[in-house]
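The values are calculated or read from the model by the stated rules, or taken from the named source; none is laboratory data. None of the values given here were measured: they were computed from a predicted structure. Positions of Cβ are generated from backbone atoms using ideal geometry, with glycine treated the same way; all protein chains shown enter the neighbour counts. What goes into the accessible areas is simple: the full protein's heavy atoms, side chains included, and nothing from ligands, DNA or RNA. Shrake-Rupley method; radii C 1.70, N 1.55, O 1.52, S 1.80 Å.
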Amino acid sequence: MLELFENMIKAEQVSRRDVDLFIAGWNGSEKQPDEEDVLRWLAAEYGIRFSELQDIEPDRELLSLFPARVLLKHLLLPLRRTRNAIEVATCRLFATEGLDTLKLISGTKLTPVLATTEAIQREMKKHLGVGADTLDTLEDENTIQIINTGDEENIDLSEAAEDASIIRFVNQVLTDAIDLRATDIHMEPFEDEMRIRYRIDGVLQEVSVPPQIKKFQPAIVSRVKILSHLDIAEKRLPQDGRIKVRIAEREIDIRVSLIPMLYGEGVVLRLLPQESTLRGLPELKMAEREERLFRRMLAMPHGIILVTGPTGSGKTTTLYSALNEINDSIRKIITIEDPVEYHMKGVNQIQIHEKAGLTFARGLRSILRHDPDVILVGEIRDSETAQIAIQASLTGHLVFSTLHTNDAPGALTRLVDMGAEPYLVTSALEGVLAQRLVRTLCRECRVEDLSVAAQTFKSEIGLGGDTPVYKAAGCEICRNTGFFGRRAIFEMLIMNENICRLVLESRSTGEIREAARLEGMRSLSEDGWRLVSEGVTTIDEVLRVTKDVRKGENGYEKSVLQVKAS
């Protein structure tokens, strides 16, 4: 408690006299006071309004009157005009320098409104934008200086933040994205703006940025090129690179892709934390049937196990969870990937390098001469890789890989389309696991969905009338999205005599799917309803990520299989 008061006195949030008065009134309470408690007490003591700032939308025109660097330096947030004054949120009641500066700029009387430091910083990021102070400084500079980092392998963002303004802005964007659990950063050039978006929990969310960012678009793109060791002068061709950064003792591998577009170069940065923790199969939280069958496949001495799904659906995480289960001293496991996303002790991992000639196919041939028991191929991209993987499985190796198909049955026809002989596919393949990621509801703000559409749809998917279903609401913790984190839903196809016959007869994916369902396979959407019944996600979220849907009479979408069944 004493540390809190000393920090608040140092920041000129409270006077020592007021601390003594507060402590005298607080004695006897078991709860330890925090900044909000002290500020609320100050507001009552001095007759000032206290606000959590959640229900106040600052006047953007009013914000534009003041330099962002002044507002950020003094933690002042102009809120709105009243009859004869401007309301300004502050957490530093006794720091008058900033308020005096704003008064001088506006020529208007100011009325302070107390709010916590966290609330002011949250609203500033939302309304001023990421890096507003940096771009505000750049407005006053005649030139923009970009500092070349040379060939350094690691860049410490904390130290680099003290460098030139454009460097500081890029670092602020990276830091903000990492703090918000983003997996991708999109910098998109348009005629009159440069839009920045983060992909969080699989969904793109626009980031508030200062309007003047468009002026500095070439410099920002050049900074990204320098960090990823790309050609600054080349603006007509796509380029790919990588950056490795360190922030707060965390190492992040960033894959960079630049593509020339109509109004400049578009940039996408893929964030890959190096310390990603490995999960075991229980942490994937599969349904009982899927986990039992998957474990049975892992115990096989040879064969191919495929995991399918679109980019970013968690395929690599599932495969490494499988490797984690069978990683022991009696097996030699070799992986070949692009990129190596998890570092696993006891596993030999290879990073492909296409420019140097190390492709999946060439690497896989070499791996077979290293006497492995288990092989993980990051992705089957072409006919050559598919053929070698099949041959590896037929010669006594257990092979894991991924494939980009919409569902599990589609993997069988895709392999045949790639040129693999149907009889080899049926001999080598043991099973296919398709998956998607659904966003999980924020536990702090989810609410029960009592709408007629939800209740009707609930009965159609076989949920009992007393089973509650929930919908997203939104709060500070989940950035008002209603969701926080993701879970996987699965579709498991096991090869059997009937499925093999259909593949040999070159039957369609639809026929293979129907046969697999008769053998007990549950679709992705059906596994999604399991999470809906557990209150983990929403009906809409499952429908968003699963295929084969059409509109139902109740306003929700229904899967094609459900329509057929009805």
Relative contact order (percent) for segment 73-116, with alpha-carbon contacts under 8 angstrom and 6 or more residues of separation?
-> 42 percent
Identify, among T359, A420, G431, the residue whose Cα sits farthest towards the positive end of the charge dipole of the chain, taking +1 on the Cβ of Lys and Arg and -1 on the Cβ of Asp and Glu, with the dipole about the Cα centre.
-> A420
In what sequence, largest accessible area first, do H370, H404 appear using a 1.4 Å probe?
-> H370, H404
Zone reached by a paramagnetic label modelled 7 Å from R195 Cα along Cα→Cβ, restricted to segment 205-231 with backbone N below 16 Å, covers 205-211, 213-214
Relative to the present Cα-Cα distance, how much length would full extension add between S427 and K332 at 0.36 nm per residue of separation?
-> 31.9 nm
Under unit Cβ charges (Lys, Arg +1; Asp, Glu -1), what dipole magnitude, rounded to 20 debye, does the chain have relative to its Cα centre?
-> 980 debye
Between T111 and residues 5 or more places away or on another chain, the pairs with built amide H atoms under 5 Å apart involve I86, E87, V88
How much accessible surface area, in Å² rounded to 10, belongs to the heavy atoms of E57 with a 1.4 Å probe?
-> 130 Å²
Farthest toward the dipole's positive end in segment 354-493, which of G410, I375, M492, given Cβ charges of +1 (Lys, Arg) and -1 (Asp, Glu) about the Cα centre?
-> I375
Using modelled backbone amide H atoms (1.01 Å from N, in-plane), which distant-in-sequence or interchain residues come within less than 5 Å of H397's amide H?
-> G303
Ignoring ligands and nucleic acids, what accessible area does V207 show with a 1.4 Å probe (Å², nearest 10)?
-> 20 Å²
Accessible area per residue, 1.4 Å probe, Å², for the chain: what's the number?
-> 48 Å²
Checked against the structure, the computed Kirkwood radius over Cα pairs in Å among (i) 24.5; (ii) 27.5; (iii) 23.0 is the one labelled (ii)
Taking the chain as a whole, which cysteines find no other cysteine Cβ under 4.7 angstrom from their Cβ?
-> C91, C500
Counting only complete DSSP H runs, which helices of the chain cover 18 Å or more along their long axis at the Cα atoms and score a mean Kyte-Doolittle of -1.0 or above?
-> 165-179
Going through segment 412-517, which GluC sites (Glu not before Pro) have at most 15 other Cβ atoms within 10 Å and a DSSP loop state?
-> E444, E476, E505
Heavy-atom accessible area with a 1.4 angstrom probe orders K73, K285, most exposed first, as K73, K285
Roughly how much of K332 is accessible, in Å² to the nearest 10, using a 1.4 Å probe?
-> 70 Å²
In the chain, carbon and sulfur make up what percent of the accessible area (probe 1.4 Å)?
-> 48 percent
Whole-angstrom gap from segment 74-118 to segment 249-305, using each part's C-alpha centre = 47 Å
If you take the square roots of the eigenvalues of the alpha-carbon gyration tensor of segment 393-483 and sort them as a ≥ b ≥ c, do you get rounded (a/c under 1.5), prolate (a/b over b/c) or oblate?
-> prolate
